[in-house]
Each structure stands twice: as structure tokens, then as C-alpha cells.
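The values are calculated or read from the model by the stated rules, or taken from the named source; none is laboratory data. Please read these numbers as outputs of a predicted model, since none were measured by experiment. Quick reminder, even Gly has a Cβ in these numbers, built from the backbone with ideal geometry, and neighbours come from all protein chains shown. In case anyone asks, the SASA skips ligands and DNA or RNA and just uses the protein heavy atoms, side chains included. Shrake-Rupley method; radii C 1.70, N 1.55, O 1.52, S 1.80 Å.
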Number of protein chains: 4
Amino acid sequence: MINFSLMGAGRIGKMHAKIISAHPNTNLKYVFDINSKFVNEVAKSTKCSKATSPEEAINSKNIDAVLIASATPTHTKFITMAAKAGKAIFCEKPIDLDIKKVNKCLDKIKNTKVPIQIGFNRRFDSSHAKTQQARLKKDIGELEMIVITSRDPEPPGMDYLKAAGGFFRDTTIHDFDLSRFILGDDPIVEISAFGDNLFDANAKIANDFDTAMFILRSKAGVLIHINNSRRAVYGYDQRVEIFGSKGMMISGNQTPTSVRKYTDTHTSSKEPIYNFFIERYEQAYKDQLNEFIHSVKSNKKSKVTFEDGRNALILANAAYESHNNKKVVSIDFS
Amino acid sequence: MINFSLMGAGRIGKMHAKIISAHPNTNLKYVFDINSKFVNEVAKSTKCSKATSPEEAINSKNIDAVLIASATPTHTKFITMAAKAGKAIFCEKPIDLDIKKVNKCLDKIKNTKVPIQIGFNRRFDSSHAKTQQARLKKDIGELEMIVITSRDPEPPGMDYLKAAGGFFRDTTIHDFDLSRFILGDDPIVEISAFGDNLFDANAKIANDFDTAMFILRSKAGVLIHINNSRRAVYGYDQRVEIFGSKGMMISGNQTPTSVRKYTDTHTSSKEPIYNFFIERYEQAYKDQLNEFIHSVKSNKKSKVTFEDGRNALILANAAYESHNNKKVVSIDFS
Amino acid sequence: MINFSLMGAGRIGKMHAKIISAHPNTNLKYVFDINSKFVNEVAKSTKCSKATSPEEAINSKNIDAVLIASATPTHTKFITMAAKAGKAIFCEKPIDLDIKKVNKCLDKIKNTKVPIQIGFNRRFDSSHAKTQQARLKKDIGELEMIVITSRDPEPPGMDYLKAAGGFFRDTTIHDFDLSRFILGDDPIVEISAFGDNLFDANAKIANDFDTAMFILRSKAGVLIHINNSRRAVYGYDQRVEIFGSKGMMISGNQTPTSVRKYTDTHTSSKEPIYNFFIERYEQAYKDQLNEFIHSVKSNKKSKVTFEDGRNALILANAAYESHNNKKVVSIDFS
Amino acid sequence: MINFSLMGAGRIGKMHAKIISAHPNTNLKYVFDINSKFVNEVAKSTKCSKATSPEEAINSKNIDAVLIASATPTHTKFITMAAKAGKAIFCEKPIDLDIKKVNKCLDKIKNTKVPIQIGFNRRFDSSHAKTQQARLKKDIGELEMIVITSRDPEPPGMDYLKAAGGFFRDTTIHDFDLSRFILGDDPIVEISAFGDNLFDANAKIANDFDTAMFILRSKAGVLIHINNSRRAVYGYDQRVEIFGSKGMMISGNQTPTSVRKYTDTHTSSKEPIYNFFIERYEQAYKDQLNEFIHSVKSNKKSKVTFEDGRNALILANAAYESHNNKKVVSIDFS
């Protein structure tokens, strides 16, 4: 049994609280948040204790692991505290919006040997994961293209936008990581990025994008296309296509049921696709916890490392440079 | 070049006139119909001559073949005339509604050797035909089940119903023939039929059905299900499923384009399926003419014979007997 | 918390043991089976007690409910014992193979007021259930046809066949119940059944079928088609189609992922469909337990009653009569 | 009736010869090619005359129109000759590989008023055309993204590659034009291009690409992605997706039949998609001829103008500049 403290009890924190509580091999012991309403809600629903300070939550002898789902600027602080206390760490993406803070954090923790995993949940989606397995097994021969479509159902509010660190660091970071996941040991070397503000007034005020397209190139020459939007009225659009010398594989959208309806206005109308990430990636969120448990128990490095978090951020930063300078940017992961 | 006379210039006759005119190897020479408006329309659009009597059309030295698309009760008379005149015959289904008239006609023509083909157009649909080829090649192993869904977009009017000879003889006759086509040399031996009047007021007045289901059994034990309706609001529903020891094959509905649309109310709405038989089976109608041309030129028996027309009618008659007596009826094709 | 005794610890019993143990509102207290290996396996995996007799399991003061998943001939005995002991009852289908035993059992328990639910799991499948909801809400207008395709992946062994009570009572009984579920308050009045032995040598020895087709008619005139096979090489084929005055709804097959693969031999090959009922109806099995819990806690009659179990058996018996006498059989549920 | 001379009788010329001959409103009068074998083949199959010089073919009083399907470097010469002779002109893409030659040609013909149409056949595909109509009618609201997938089944040979003018000018030019077609009056202003040589040894020798990705931006901010490959083992992959404020529309791949097969290794394997452009765009080739006929008869400008041909070439040239300099290139259509 692995005992957790949860840092941050907002939307995503609450989801993690629920998953940890329901899992037969994990317990939620403490929750901490600066918002006491959130703390009370989680404490009530999971019967865990309320920590009055980050130190109480993180340093408690009763816990083995810390799940960090607090505001992004607090991530590196909590990671460092937990590493010093010898606790296993699960941290939501992004590690931080500032690569310097990420690098400093890495310096501080690199000599500790605590297990650490970053929350790139999409790697654990069984359909997307099939594309990575297909690349490994060369099911479609030599990989030549990846095409990722990733569109949110609707724009977030102004509060979210202000803290999110920009569209590329907040949203595309998932697709950068998914590209790296599928590519495996073939690193990304170049990127071209196009951002756009086409419809979201809040994004305009925040000087942010709501629409974007990217091309990336790997060392082996694989070309990757990503397209993103903050709004898809038909639902959360999450598709991955890989193409190679022996064929193509598509991980398509999913619907809660297998029902189709045929009427005088439509032939073959599918059930709506899932609305957003908590529904669409429900199982993936559970399976990433299993990976973390496995990593902690077996003392093996997690499949999603601190470096993965850092590298995705480096790609997001390069994307901004490409957009701003209207040129292809070479990637330097060092 | 094969020169045709066309008997009957209504909806289906006009369609045949157009196909014969456009075909590089056939000419339409004469048209006959008791409705002079229809005759004028066809004569004008195809530049063929107007025959003033069936005899003029059928016995003309200038023609090689007669296409019979007139009212059903006239079919056997025109077949007999054409056979005596030594003309090749293409006759729309059904041969007649009365099996006695069909038998007498067969007696009269059996010693002539004119080519004759019945208009079971669905055999020539390239998708449905794949199921028959699959049975022959044992692509799905030994055939065990056939499931045919055949639903018209909307009920015909009262005039049509009065002359049609009943739902089973008018509509299901196509599905009986398609079943026989797929089964090949394995004859149908039993039938159970359920007719229903659920929605069409005209059908009620005409003491006819608008909805029906059937089970047939072949000598080898293959079970066949057919379901029919006079009304499918989403379009002309034409599906064939075959199932066997090594798998299943489905010949599904078709849409004019490959477009799908995704909106806030629907995910993956296909283009409408074809509205009715002239659109859905357009190519099949052309291909059955090619089969007829081949039969005439090669002097080989057509793939759709007078006997096929007769056997489908025998099945329709047995279906009525089954419905009326609420029992399984054994089939006697002799 | 509802405490259970489990009667029968074979394949299906083990599945129920797992679901009861994992559910936050239910406990497994006792397991009984005449096979001590099965008992040990369940006791070990769930940490429940081993009962040495049915009486010990059923009459224990520590339990609230009995889940009966033992051999079919023992069902009515255990139902009666549990009813006398005032325990809530969940019984796997069929109640019994002999309608007389079912009727006697009903006589004995009808004055007790214990909650009782029969294990027709497919009612709880969210896709199939949409068709029932669509009928209620008239989403496709007035219901006119139901077409159920239900094919197992492969034939069971001889041992299973001997005890199963025949193809119609063992397998089609699910489809009879599903038809009744969709029809709601519109009772089935007629049936025509065709059984066949086409491929399974064991079924031949057991004088049983491996292939079957049915037509049923409801009082309101709805026509229902069911087709069954003991073997579908492409997987567990479970489809429901409803058709009515305003359209059609299809609850199609499901695949574990949304992956499609395109190669030089295939375009658009889906992931394999689920292999069999434990995978395909996993969530439905959980949701039927939720319905049972709801029924027990709210003291409301379950949505799947003893009468539902009895009526499905009456339909199976009528199907045998129809097959044997080659006629349409009228249904008498009294 | 419009009488044609055909310049060039290779693969694509032969296809045009067949379409012109079969069309009720067009005749093929002359064919010219430097390859006398090709000339003989076309003359024999269509019964047209063999021209011994371009002048004989183009200046003949018996003809109204010239269809130019000869080698690309001859296009502008034949266009100029035909324009001087007052003949209507249909010219295959590209007009030329050299923008200077295209500009000079434009100078020479701009004061003649002969109808001229460029062979961008994909605009006439009824499925792709639906996306353009959807943009016009705002069926998916305001257009925000276009995603075009266009992959050939297999690489051409070395002879073809040498004359083709490079992957972007030969292949992507179709996708550039299709993007402009969908965008309508919203011009493309920027492009980023990534070329790659991943598998084709001939392309390597010819210093050409076999794989490519592009992002384009329109003046209104629409982002367009194109991906191309010289080889897709599953067939000619031609998909267009448009995305906007009210939804998404996808024009998907097409198969010759609507057959699906389910076996023990695959569930739902579709019929193969069309192999290459002559099959896939058969109807589009016919419909572009209808547009040309309409343009000639009505004396209205064709929907696919000389400027469209020139603009697509300007985009291809900008794509090379972007690839070579690793930067976003601004488009200047002046």
C-alpha cells in the first residue's frame, strides 16, 4: 500500500484524489491546498486528513508519495521538498513554465534517487499507445509521418488563460510529448510553428493563441504535424495517425456507446464523442497511476521522467521562437 | 449492334430507353405504349420510332430484341409474341402474378431458342455480387446464414399498389431471387412468412402489407432472413450479410459522396444514402444490359433465366400460404 | 453495505465474486460450491468464508443477499431457501429449464416479499439500453421492427451442452428477454423458430442446435428477428437494430480500442471485437449489481423480475414447439 | 458539338482522348504526339486523324478547341499557338515549371479572349467540392483549418521524375490549388515547407523528395496543413478535412464497393480504396470537361483559370524557398 499526500485540490487534484482513493493499492492520507473549500471537499469525500502546510503534507512519516496537482509555479518547490524528504513524486504537467526554474530544480534533485513521474496521461491511452507499439514492432514498417489532431471542446476562462503559460506550453505540450513517445529513441531536431488568434476574445486580451499548427522533424527524418484548437463544437477531438513504409494506423475518436442513429436528416450519426479529458482519458489517468505504483514498488525509473517534462517544455519554447521569428528552429535538448 | 423495341414507356421503361440509347452496342428502334404521352416522350428523347401496335414493334425486321417493361399482365403475351418472332427477350420482373399464366407461357416458348433474361437487377450490383462470389470461393468458409434488409424509402401510391400483386410478389420477389443467386445450386426448401400492415393506409384498403419478415431454409441447411418495409425515412435501405464458418461479409448501404460532417449535434454524419432504385442500382441496370448483350451475341443462356423468374414467384406464393396458414411451407419448384 | 453469500463458484460465479468484492457497497461473506477447488479459489481471492452447506451460506445472520450462480437445476431450491430466510435474491438465468419447476417455485415465494432479480445482463449494456430508451422516447417514431444478431465466438464443450438445456433455453433466452425489454408493455404473441445443426459435432451428439433463426410478433404488430450461432470466428457478435416510422437505431459491436490499420492487403481494419461475454458485458455485469443494490435498499421491485425469467423460458419452450411442428406458435404467458 | 485536337497522347492524353470521344457534345478530330506509336493508338481507338505537326492540329479550321496533354515544356508554346488561332484551350497542369515562361505566355495571350482552363481535376471531385461548398455556405461556420492528406500509391519511375520538375511542382501543386479553391477569395500569404527523401532511391539520385509537409496561412488567418508521400501501400490516399467555428467536414477515401469482410484476423476490413488518379478521379475528369464545354459555349471564364495555374506554381516555388532557407516565406502573387 502506497500512502499519498495530495498537493492541490482543484479540478485535476480532485480527480486524482478520487483515483487514489478507489485504487486497492493506494491511500490518500493528506490533502493540502491554499483554498480551504477545496481541502474540505476532498477531505470529506475521501476521509483523508487536512494538512495545514505543505511541510506537514510532504514531510509526514505516514506517507510514501506526493502527488503534485497545485498551481504550476509551485511545482518545482514541492518537487524539491518531496525529493529532500525521500518521497516518491508524481507531478502534473508542465513542471514549470520557465526552463531556468526547471533546470535549477533538476540540479537540486538529481542526486536524490526518489522515483519521479510527470503527468503525461495520453501515453497511457490504450489506443494512442497502440501507435507507439506499432512503431516499435514495425507494424507499419519504417515510420515516416505522424499526424496529431488535438482540439479542446471549448476555450477555458480568463483565469485559466492567465496562469496557463500560453497555448503551446499548456496544450501543445501534450502533443509534443506524445510525438516524442511515439518516436522513441529518435529525437526531434527541428520545428516550425504557426499560432493564431481567430475566435477567443480572452485569448486576444491575454495575447495568446486559440489555433495553431506545427511541423516537426526527427533526426531520422520523420515528419510530424500537430494541429490544435481551443474549440471543437463536436467534442474533444483526439486523433493520432502514423504512416510508414508498410501502412498506416489511426487511433480515432471514441464514443461512450456503439450506437448509431439514422433519420430523415442523417444517415449514420454516431453517439457524441467524449466531452473532455477527464472522460476521454479516464482509464489513462488510472493506468498512469499504475505505472507510478510499479515504478515505486520495483524501484525502476518511471516511463515518464522529469527529462520528458523538461524536453516537452524545450519544444514549446522553440515553438514560440519559431512563431515569433517566422523560421525553422533547431532543437537543443542539452 | 443490337436493335431494340421497347414495350412500355412508364418510369422503368423510360429508364431502359435511356440506357439502351446511351450504350455503344445497342439502338432503340421502336417504342410502344398504350399511353401516347409516354410514347412521345421516349420517341423525342431517343429519336426512335413510335410503334402503333405491339405487333409492329415486336415483329419488325429491323429489330433483334424486345425489352418488356409494360404492365405486368401483358408480359407473357409479349414474351410469347417475341419468342415466335425469334427476337431476344428482356422482361422486367415479375413475369406474371399468376403462376398458371407463367407455366402456360413457359410451355409455349420452351421449344423456341430465343435468348431470354428477367430483370433481377440486384444480381448485377457489384457489392451484392461480391457476396455471391464469396460463397463460390468459400471466402467466408461454408455458408450458414444470409440476412437481407430491403426497405423502400416511401410507400407507392394506390394505383401502383392495385396492380402490384401484393407486397411479397412485388417487393420481396427481388430478395427471394437474391437469396437464390447467393445460394447457387443449393435450393430453398422451406419458408415462414410474417406480413403486417402497420402504417400505410393505402395498403390497408388494398388488403396488402407494408412490413414483412421471412425465414427460409436451403436444402444444405443455410438459414436466410429477409426483412422488408415500404418506408425507411433515411433512404433506400439495401443491405446483404452472409455468415459462414470462416467469417462474415456485409454489402452495406452506399452514399453518393464520401463526405462526413461533425457538428455540435452530431458526430460523423454521413451523406444521405441513395433515395431509390434508379439511383442506387444505376450501374446494375447498365450491367444487366451488358449481360443480355453478351447472352445474345454469344448465344449462351443468360445468367437470369425465365426459370429464375418463375422460381421467385413460387417462393412469393409459398410465402402467402405460410402467412395465411401460420405454418412453415415446403417449396415445390417442379 | 450489503453482505452476500455466493452459491456456485464456477466461471460465472467467480466473475460475480470479483464484482461483489470490488464494489464499495457490497461484501462477499460466504461462498458455497460442491467443488471444493472452486470454493478455495474464491475464498482465497476475496477473503470470504467457506460455507460447508447451502444452509450455512443462505441462512447466516450475517448476510443480506444470496447470489445464485450454481448449476441450473439447483436454482429454484436455493431461491426458495433464500426467500424463506428473508434474503434478497440475485439468480443467474435461466431460473430453471422446466417451466413446471419455475411455476412451483413462484407459488412458494409469491407471498414472501424478498427482492429478487434475474441475471439478464444485456439489459444493462449502455448501448443496447439506448434502443429501449429510444423506443420509450419515440426517437425513431413508432417501433416496427427489431433485428437481433447474437453469435458466440465458439461452441462450448460437451459438458456444458449436456447441462445447458438446449440452444434456445441457454442462448436465445437472452435475446428473447432483450426483445421483451425493448418492447416494454407490448407483449409477444407469436413465434416461428428454425433450428439447425450445421457444424458442431458435440451439438449433433447432444441432439442440439448450433444455428438458429426466429421471427416473433408483438401484440402491436412489431416484427422481431433473432439470429444465433454457436461460432463466429471474428468474435462475440452482439448487435441490436430497431426500426420505426422515424428512423433506425443500431447498437453495434464494440472494440477495446479505437485503432484502425491500413495495409497493402486491407483498408480500415478495426481492432478485434471483444471475445466473449465477460469482456463485452463487463460494465453491464457491474450495472446489474447496482440495480440489485438499488432494489434492495429502496425496497422497490427490480427491473428484471422473476416473471421476466419465467416469460423468457416460455418463449424458449414455444420456440421448440414451433421448430418441431413447423408452425407459428401462439404465446400464452398465463 | 465542340471539335478537339489533342496534343500529347501518353497516359493522361489517352485518358482525355477516351473522355472526349465518349462525350455526346465533343469530338476528337486530331491527335498529335512526337511518339508515332501513341498517335497510332489514339487514332485507332477514337477514329480521329493523325496530325503531322502541331500547326496542323492546332490551326485546323475543323477544330474549336485544343487539349494540351503533351510534355510540360511544350505547354506554353502550344497555348500561345492556340490562342493566336482563336481556339479554346484546355491545358494539363502545370502550365510550366518556370514562372518566367508562364509570365511571358500570359503576356502573349492576355489580349486574346480565348477560353482557357487548367487541368486541376480535383476541384471537380464531388466529395472534395462539398468542402468548398460548405465554406461558401458557412456549413461549418467560419473556416479555421484545412488539413489535406495526399499520398500516391507508389513512386513513379526515373523518367517521370526527371521531367516532373520536383515533388512540390508536380504533386503538391494539386494540393496548393485545392487549398486555394476551398479558401475562395481569401488569399494565401505565408508558407513553411519541409521536404524529405526517406525511401525512394530514384528521388535521391534526382535530388528530389518523396515525403513532405507544409503549413500555409491565409490572409484571414486560416491555417492549412498538407502532407504528401510518393508511396502509400494501402492505395491512393486522398482526404480533405475542413474545420471551423461550427464543426468539421471530412471528404474521406472511397472504395469501389460498399463491402466489408470480418474474419478471424480482422474485424471490418473494407474493400481496397482506388489505386490511383485515373480510377479515383474518373468522374472528376469528366466533369472538368463539362466545365470547359460550358465555358466555351457560354463564353464565360472557366472556373479554373490560367491565373490559378500560375498561382499554384508561385506557391510551389515559395515552398522550395522555404525548405531551402528553413524559414516562413511570404507569398507574392503579383
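Here are a few things to note about the model shown:
- Looking across segment A:91-109 at every residue that is open to solvent by less than 20 Å² (accessible area, probe 1.4 Å) and β-branched (Val, Ile, Thr), the one that is farthest from the chain's Cα centre (by Cα) is identified as A:Ile109.
- Boolean, D:Leu161 is buried (at least 21 other Cβ atoms within 10 Å of the Cβ), out of contact with any Ser or Thr (no Cβ under 8 Å at 6 or more places or on another chain) and outside any strand (DSSP E or B): yes
- Residues of segment C:262-272 that are open to solvent by 60 Å² or more (accessible area, probe 1.4 Å), at pLDDT 90 or above and closer than 19 Å to C:Gly235 by Cβ: C:Lys270 alone.
- First in segment A:211-222 and more than 7 Å from every other protein chain (Cβ to nearest Cβ), second anywhere and part of a loop (DSSP other than H, G, I, E, B) and open to solvent by 10 Å² or more (accessible area, probe 1.4 Å), Cβ under 8 Å, 6 or more apart: A:Ser218/A:Asp186; A:Ser218/A:Pro187; A:Lys219/A:Asp186; A:Lys219/A:Pro187; A:Ala220/A:Asp186; A:Val222/A:Asp186
- Qualifying residue in segment B:125-138 (condition: surrounded by fewer than 17 Cβ atoms within 10 Å (Cβ to Cβ), closer than 20 Å to B:Ile188 by Cα and within 14 Å of another protein chain (Cβ to nearest Cβ)): yes
- Selection count, segment B:20-35, where residues are touching a Lys or Arg at 6+ places or on another chain (Cβ under 8 Å) and over 26 Å from B:Ser295 (Cα atoms): 0
- Here D:Glu190 fits the description: of a type in the set (Asp, Glu), in contact with a Lys or Arg (Cβ under 9 Å, 6 or more places away or on another chain) and outside any loop (DSSP other than H, G, I, E, B).
- Selection within segment C:220-252 - closer than 23 Å to C:Phe194 by Cβ and of a type in the set (Lys, Arg): C:Arg230, C:Arg231, C:Arg239
- Total residues in segment C:141-158 satisfying the condition of being under 16 Å from C:Lys219 (Cβ atoms) and either open to solvent by 10 Å² or more (accessible area, probe 1.4 Å) or at pLDDT below 95 (or both): the figure is 2.
- Filter pass, B:Ser258 being open to solvent by less than 60 Å² (accessible area, probe 1.4 Å), away from chain D (no Cβ under 12 Å) and hydroxyl-bearing (Ser, Thr, Tyr): no
- Filter result (part of a loop (DSSP other than H, G, I, E, B) and either at pLDDT 95 or above or open to solvent by less than 30 Å² (accessible area, probe 1.4 Å) (or both)) within segment A:322-334: A:Lys326, A:Val328, A:Ile331
- So B:Ser70, is it among the polar types (S, T, N, Q), under 24 Å from B:Asp287 (Cβ atoms) and touching a Gly at 6+ places or on another chain (Cβ under 6 Å): yes
- Candidate set: segment D:184-204, residues that are of a type in the set (A, V, I, L, M, F, W, C) and open to solvent by 10 Å² or more (accessible area, probe 1.4 Å); chosen: the one farthest from A:Phe214 (Cα to Cα): D:Ala201
- Only one of the numbered conditions (1) within 28 Å of A:Val259 (Cα to Cα); (2) touching a His at 6+ places or on another chain (Cβ under 6 Å) is violated by C:Gly195, and that is (1).
- Set B:Ile250, B:Ile242: member being without any contact (Cβ under 8 Å) to a residue 12 or more places away in the chain, under 24 Å from C:Thr149 (Cβ atoms) and within 14 Å of chain C (Cβ to nearest Cβ): B:Ile250
- Number of residues in segment D:273-304 that are surrounded by fewer than 18 Cβ atoms within 10 Å (Cβ to Cβ) and within 14 Å of another protein chain (Cβ to nearest Cβ): the value is 6.
- Single unsatisfied condition, B:Lys246 versus (1) more than 28 Å from A:Lys261 (Cα to Cα); (2) at pLDDT 90 or above; (3) out of contact with any Gly (no Cβ under 7 Å at 6 or more places or on another chain); (4) of a type outside the set (A, V, I, L, M, F, W, C): (3)
- Among the conditions (1) out of contact with any Lys or Arg (no Cβ under 7 Å at 6 or more places or on another chain); (2) away from every other protein chain (no Cβ under 13 Å), the only one that A:Gly184 does not satisfy is (1).
- Within segment A:16-33, restricting attention to residues that are open to solvent by less than 20 Å² (accessible area, probe 1.4 Å) and not in a strand (DSSP E or B), the residue that is nearest to A:Ala163 (Cα to Cα) is A:His16.
- Segment D:46-61, residues that are of a type in the set (D, E, K, R), out of contact with any strand residue (DSSP E or B) (no Cβ under 8 Å at 6 or more places or on another chain) and in a helix (DSSP H, G or I): D:Glu55
- Failed condition for A:Thr112, given (1) open to solvent by less than 20 Å² (accessible area, probe 1.4 Å); (2) β-branched (Val, Ile, Thr); (3) assigned to a loop (DSSP other than H, G, I, E, B): (1)
- Among the criteria (1) free of Cβ contacts under 8 Å to residues at least 40 places away in the same chain; (2) within 14 Å of chain B (Cβ to nearest Cβ), the one A:Val233 does not fulfil is (1).
- Qualifying residue in segment C:118-130 (condition: β-branched (Val, Ile, Thr), in contact with a His (Cβ under 9 Å, 6 or more places away or on another chain) and not in a helix (DSSP H, G or I)): no
- Residues (within 14 Å of chain D (Cβ to nearest Cβ), over 22 Å from A:Gly235 (Cα atoms) and among the charged types (D, E, K, R)) located in segment A:139-181: A:Asp139, A:Glu142, A:Glu144
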